[in-house]
Structures are given as structure tokens and as C-alpha cells.
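Rule-based calculations on the coordinates, nothing more; no lab input. Only a predicted model underlies this, so the values are computations on that prediction, with no experimental measurement involved. Glycine also receives a Cβ, built like all others from the backbone with ideal geometry; neighbour counts cover every protein chain displayed.
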Amino acid sequence: MFRFLRVNMATKSCVFEDIPEEYAGLGGRALTSTIVAREVNPICTPLGPHNKLVFAPGLLGATNSPNSNRISVGCKSPLTEGIKESNSGGQPGGHLAKLGIMAIIVEDMATEGEWWQLEISKDSAKLVPSTVAGLNNFDAVAKLVEQYGKDCSYVTIGRAGEFKLTAASIAFTDRELRPQRHAGRGGVGAVMGSKGLKAIIINPEGGKNHALVDEEGFKAASKRFAKALTSHPVTGKGLAEYGTAVLVNILHEAGGLPTRNFTCGQFEHHEAVSGERMNQLTKERGGEGAVAHGCMSGCIIRCSGIFPDENGKFKSKWPEYETLWCFGPHSNIDDLDLICTFDHMCDDIGVDTIDVGVAVGVAMAGGGIPLGDGKAVMEAMKGISEGTPLGRIIGCGTATTGRVFGVRRVPCVKGQSLPAYDPRAVKGVGVTYATTPMGADHTAGYAVTANILNCGGYVDPLKKEGQIELSRNLQIATASVDSVGLCLFTAFAILDIPDALAAIVDMLNAKYGWKLTGDDVVTLGQRILSTEIDFNRRAGITEAADHLPDFFSDEPVAPHNTTFDITPEELQTTFNWIKK
Amino acid sequence: MSILIKLSTTLRDLVPGYDPETGLLVTPKEEESSLTAGELARRIGIPHEEIKIVMVNGRQSGLESPVRDGDRVAYFPAVGGG
């Protein structure tokens, strides 16, 4: 029942095809990266006809495993010019998996100015002229729901994607049909826009969970995995109660909360934008607000919360920590309601909250937006949707914005902005920023765990010792987790409870009849990274690009007054299994 | 002189009247010159099993770490995000 759906935007052909032998046994990131590496010319123009956009649910999609319905999006990134995998929650991953579609491969381009939408159901797929062109995500999905109904799930781009801005995201609807789970990073929305593909409608009718080679074995392993998740205090309770925003206060305390464009590691108004405050306001205001909300079917972590306005009406999903940070401390703004409005605007217009939020603070550093001026940020954000010059600039992300405004401190690696951890005070994640083939990305090897959160061991965040090994191991493990379709937050349980990883391996074996061991998970992770790095090398991104901007090694950051002192030569030992 | 205590998430519920903006100021008694982070936690009513992370002046420490006048001590339960 497993198949690929190959869609050609020029000819409008939509063909289901058997999965070629070389892609057997791959899912999620392993599949998107392998397809992109094999089928996309690394030197192609990312927004041109030779790039391909690949969607793939993970290996444990459409099963009763908890938290396994994420979806990976792959392409050559217009932001980094390298390979990209950006993944998301929401319903489409599970729906595609239930239909047995292990990848959608979108090729070529429609005639410029034409917009199409892809209708997918159990036995058919076709491109029809889009009925929602020109609309942002929330209006687009509302109209599509009228047309196709509430049982479908939707994948859309907003106007930022239509404009092909390099920080444009792809939105995936959650269980309430809100387009607020995003493949945010790397400008994947611009690639979808370049193809002329405005929306994908997935009708799951007739889809079903995948057949299991060993049903009883799967059930037992899935139960063990669920137990690990519910018994760990972070995945069992903490994330549901406070969301990822819980990190604001702890990063402030640790001196790793980048403030006013990475000029300080602490923000004096941290409490006002903290997870604790968000939890309190959500409960006080009640109404449509929600603590403990899951973004996709099968999620038992439920971190995604709904933030209500003063009248109890829906305002946004709970912004992630990174969003709170970049529109907050990084931009010298301490108004939680305003930050939630920006979060919602990002979801609606369809841009990466990180690359755009960081761009806002960088524009402030360059005089393009007054420091801490919420009203000016609001105008700039509206400008993304309206296509104003400033809107297009910040909509293209941090690197472009820094260049336009002549900024000395542009926190980017390979063109992608750094997330919410100062690499001088959380050095392990600095190694990940510098070396991951994705461009600066905390999720690629989340060393904050051992540096700050005492999860999976402890490595002093202020010293250089042990950081490369920490980042290496996490990057390998993460590549595997991203391939299984698991939410990355399951890693908190995986790092602390040994049986969690064993349970995942047992689920894979029981589903597919494989005989994997824990070592195979490492091998898979290494293989994915090798594939991605090889693509980047062929695209002209050499290991000379694996470093942080020099202000991180030049300027000590308060309060610890440390610099990022891991040298480029040391960073080049991260992927030590790859022959040079 | 005194010690400034900062609490996170659920730990705040264990200390009635805790103000997250100002934190909690505790003045050690003279005979407590060798106070540890663990003893300080107990003194304000936070059981050790609730604490996963201790930071003294922004640096990770253990419950056995000494704390002194003028220090800032932060306690966290298990937290995570990303």
C-alpha cells in the first residue's frame, strides 16, 4: 500500500508510483533528504524549476505510537542555498501516512502567476486552479474548509510564500483546522510558492493505520514508549502546563537569553514574557484559551496551548520559546499580548517566526525599526503581507535584513538565523548552530539539554570541553528521530529513560519486521547527515562555512563574560566519521 | 545582606506569597555561615525531590553547594522545551 505521489506543476500530472528500491525503509527526514540529494541538482536555483519540494511522514506514521505523526518537508533552501529539512506537527502527516503516501514529490513550476491546489484522496490526486490565491493562511483554510469540509487537513502558504520571501513557511492545520503548525525554517514556503502550488487538500477518507508485522509486539512497545513519555516530568507534565516558553526564565537565569540583538545574555523584563506568565494569563482569561493542547492526533505531550485575548477570544497558539524570545528580549519588547499578536501574524502571513523575529531585532540594531517599538514592528509585519519594501526585507529573514541595514552583528550561519540561546553561554548549541547542514538550528542537536536542563547528563555550558561530542551525538540521534516521525520533544524522555529508545526500535521492528538494534539508529542518523553534508558540498557549501559570526568570538557577553572559543578547526571534527 | 531566591513554575506554588518579579529575600542567621543550597531550599519549604536544577549566580550548582550573603540562588523543577 506504500507509494509515492509525484506531481509535476508544469504538466499537471499527478502519478502514484511504487517506492523505488533505493528509498525502501526510509521515512521523514531520511526520505526527504535522500530524495533531494538524489533527484535535485545541488547547484540549481532554489526558486527555479529544477528544485523539488518533498513532503514525507515518518516511519511510525499511521500507527498507534504516541507523537509519531509529524511531517518532514525537504528541498534545496532558498535561504541557506543548501539542503533543507523542516518538520511540522498538525494533521496532514498522519493523514498522508494513513493513505499510504510516504512522499509527495512536487516538481517543476506552473506558469508564473498561476496558482494551483492539489487535491489528494485515497485513490486520486489532481491539480485544480486554486480558489484561495492571494489569501493568507487563516482565510485560505476557512474557505477551503467550506469547499472541502472539516474532515480534510490542509497544507497552505500565505502571501509571504506567494511573494517567495526566503523566510516563508508552509502551514499545516491542527486538529481544529487552524493553520498554525509550520515547517518554518529555511524558506520552504518560498519553494512551494515558486512552484505555483498554493494549497494541498488531504482527504483521509478510506485511509487506515498501517498493517503491522507483529501486532502484539507493537502494542507492547508502544505502551512502553507512552509510559516513558507520561512518566518523565517534562513530557508528562511540564510542556503541557507551560509550553516551550518555560525556557525564558531558565535561560535568563543562565545568562543565555540573547537580548537586544545578542548584546547581553539577560533581559530585565523576562518575567513578563515567561511561560509562567503565559500559563497564568491563559488560566485567568479562560474562554477559548487552553492549557495542555495537542497539535496533532496521537500527541500525549500537548505543549501547544491556546492563548486567549482579554475577552477570552482566541488570539494565537501559545508562541514557542523562540518566538517569545525574538519578538521579546531580542527586540526589547516586554508585552506578551503584542508578541502573541506577532506570532499569529507570522502564522497567518506564513513566515518563520524565528528568521523574521530575529530580523526585527536586527533591523532595530541597524536603525530600520526603532528599538523596542511595538507599533513600528506591527506596521513592518503588516508590510510582509502587503508587500511593502520593509515587509519584504524582514520577510526574507535575518541575513537579508542585516545586509540591507548595514548591521555588524548579524546572527546567522549559512544564511539562517540563530535561535534563542546565546552560543557564548550555551556552547554546545553553538557547535550545533555552526556545523549542522541546515544552517543555524537549535533543533538539529539540542545541546541545551545537557548544558542547561540537566537532561541526558551535564556538560558545563560555559566551557568548551565536551561540547563537540555532545552536539555530534545529538545531531545523529535527532536525524533518526526526525525520520521516525516523532516529535522532537520525545527526546527528553529518550535521553533520560533508556527504555524509551528501546521501545522505539521495538516498534519499528514490529511494524516492518526488521531486526534493528540501537546501533542501527546511530548508523541511520550518520547516514542522513552524510547525505545532507554531501549535498551541501556539491552545492558549494564547504566546511569553511561551519563557523559562527566573528562577533561571538570577539565580544564577551554578560553576565558570564564568555566568548565562543571553540575554533573552526575544532568544529570541523564534529562529523568525525566522514572522510575528508 | 541577604540571599535572593528565584523560583520557577511549580516550585512557586510551594512558597505562599512568592512574588515572581522580586523573588524571595532570605537573610541567613549568623550561625548559618555554612549554609548550602539544599538547606536553604528546605528552609523555605521546598522538598529536595522537587528540585532538578540549582543555579547559584547563574551557574549550575548542586544542593550541596555553599551559598553566601549576596548570592542569587535559583531553583527549577525538571523543565524542557525547544
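By the Stokes-Einstein formula, at 0.890 mPa s and 25 °C, the range A:339-392 with its Kirkwood radius over alpha-carbon pairs has D equal to 225 µm²/s. Average projection, convex hull of the Cα set of the range A:3-202: 9.6 square nanometres.
Starting with the fewest neighbours, write out A:Tyr512, A:Tyr321 ranked by other beta-carbon atoms found within 10 Å of each beta-carbon.
Working: A:Tyr512 17, A:Tyr321 28.
Placing the least packed residue first, the sequence is A:Tyr512, A:Tyr321.
At a 10 angstrom cut-off on C-beta neighbours, averaged per residue, how do the peptides A:256-265, A:163-172 rank from highest to lowest? Show your work: numbers first, answer last.
Numbers: A:256-265: 23.7, A:163-172: 30.6.
Descending packing order for the listed peptides: A:163-172, A:256-265.
Each residue of the range A:409-421 in turn: what ³J(HN,Hα) in whole Hz from Karplus with 6.51, -1.76, 1.60 and θ = phi - 60°, glycine and Pro shown as x? Taking θ as phi minus 60°, the curve returns 9, 10, x, 9, 10, 6, x, 10, 6, 5, x, 8, 9 Hz for the range A:409-421. Helical content of chain A, expressed as a calculated mean residue ellipticity at 222 nm, amounts to -11500 deg cm²/dmol (DSSP H runs of 4 or more residues, -39,500 (n - 2.57) each, divided by residue number, nearest 500).
Is the C-alpha gyration tensor of the range A:200-303 telling us rounded, prolate or oblate? Criteria: a/c under 1.5 is rounded; beyond that, a/b larger than b/c is prolate, otherwise oblate.
Working: a/c = 2.41, a/b = 2.00, b/c = 1.20.
Prolate, since a/c reaches 1.5 and a/b exceeds b/c.
Rg and Dmax, both from the Cα atoms of the range A:448-580 and both in Å, are 17.1, 54.
If a/c stays under 1.5 just call it rounded; otherwise compare a/b with b/c (prolate if a/b is bigger, oblate if not). Do that for the range B:3-76, with a ≥ b ≥ c from the square roots of the Cα gyration tensor eigenvalues. In terms of gyration-tensor shape, rounded. Counting only C-alpha contacts under 8 Å and six or more residues apart, can you give the relative contact order of the range A:3-202 as a whole percent? Value for the range A:3-202: 23 percent.
Give me a single rounded figure for A:231-240: the average over its residues of other chain Cβ atoms within 10 Å of their Cβ.
Working: counts 0, 2, 7, 6, 2, 1, 4, 8, 4, 0.
Average per residue, whole number: 3.
The mean of 1/r over all pairs of different alpha-carbon atoms in the range A:259-305, once inverted, gives a Kirkwood hydrodynamic radius of 12.8 Å. For A:Lys414, the lysines whose Cα falls under 17 Å of its own Cα, not counting residues fewer than eight places away in the same chain, are A:Lys76, A:Lys84. Measuring gaps between exposed loop sites in chain B (GluC sites (Glu not before Pro); DSSP loop; at most 16 other Cβ atoms within 10 Å), the longest gap, sites not included, is B:22-63.
Three principal axis extents describe the C-alpha atoms of the range A:509-580; from largest down they are 54, 33, 18 Å. Ordering A:Pro179, A:Ala211, A:Ala199 by the projection of their Cα atoms onto the charge dipole of the range A:145-228, which places +1 on the Cβ of Lys and Arg and -1 on the Cβ of Asp and Glu, puts A:Pro179 at the extreme positive end. If R₀ is 22 angstrom, what is the calculated FRET efficiency for the pair A:Cys44 and A:Asn576, using the beta carbon separation as r and rounding to 0.05? E(calc), rounded to 0.05, equals 0.15. Mean partner shielding of peptide A:246-255, defined as the number of other chain Cβ atoms within 10 Å of each residue Cβ, is 6.
For A:Glu271, A:Glu386, A:Glu569, which order do you get if you count the other beta carbons within 10 Å of each Cβ and list the fewest first? Walk me through the intermediate numbers first.
On the way: A:Glu271 19, A:Glu386 13, A:Glu569 8.
With the fewest neighbours first, A:Glu271, A:Glu386, A:Glu569 line up as A:Glu569, A:Glu386, A:Glu271.
Normalised by the number of residues in the range A:428-477, the mean separation of alpha-carbon contacts (under 8 Å, six or more apart) gives a relative contact order of 40 percent.
What is the range A:409-504 by shape, rounded, prolate or oblate, if you read a ≥ b ≥ c off the alpha carbon gyration tensor as root eigenvalues and call it rounded for a/c under 1.5, prolate for a/b larger than b/c, and oblate otherwise? Don't skip to the end; give the middle numbers.
Details: a/c = 2.29, a/b = 1.38, b/c = 1.66.
Judged from the Cα gyration tensor, the range A:409-504 comes out oblate (a/c at least 1.5, b/c at or above a/b).
With a cut-off of at most 11 other beta carbons within 10 Å, and DSSP calling the residue loop, which trypsin sites (Lys or Arg not before Pro) in the range B:1-55 qualify? Please list them. Kindly include the intermediate steps, with their values, before the conclusion.
Numbers: sites: B:Lys6, B:Arg12, B:Lys29, B:Arg42, B:Arg43, B:Lys52; in loops: B:Lys29, B:Lys52.
Sites meeting the loop and neighbour criteria: B:Lys29.
Other chains near A:386-395: what is the mean number of their Cβ atoms within 10 Å of each residue's Cβ?
Whole-number average of other-chain Cβ neighbours for A:386-395 is 0.
Fewest neighbouring Cβ atoms within 10 Å first, the residues A:Trp116, A:Trp318 line up as A:Trp116, A:Trp318.
Can you give the translational diffusion coefficient of the protein assembly as shown in µm²/s, computed by Stokes-Einstein from the Kirkwood radius over Cα pairs at 20 °C and 1.002 mPa s? It would help to have the intermediate numbers written out before the result.
Values: Rh = 24.7 Å.
Diffusion coefficient, whole number: 87 µm²/s.
Computed from backbone phi, the HN-Hα couplings of the range A:246-256 come to 4, 6, 3, 5, 6, 6, 4, 4, 7, x, x Hz, rounded to whole numbers (Karplus: 6.51 cos²θ - 1.76 cosθ + 1.60, θ = phi - 60°; Gly and Pro given as x).
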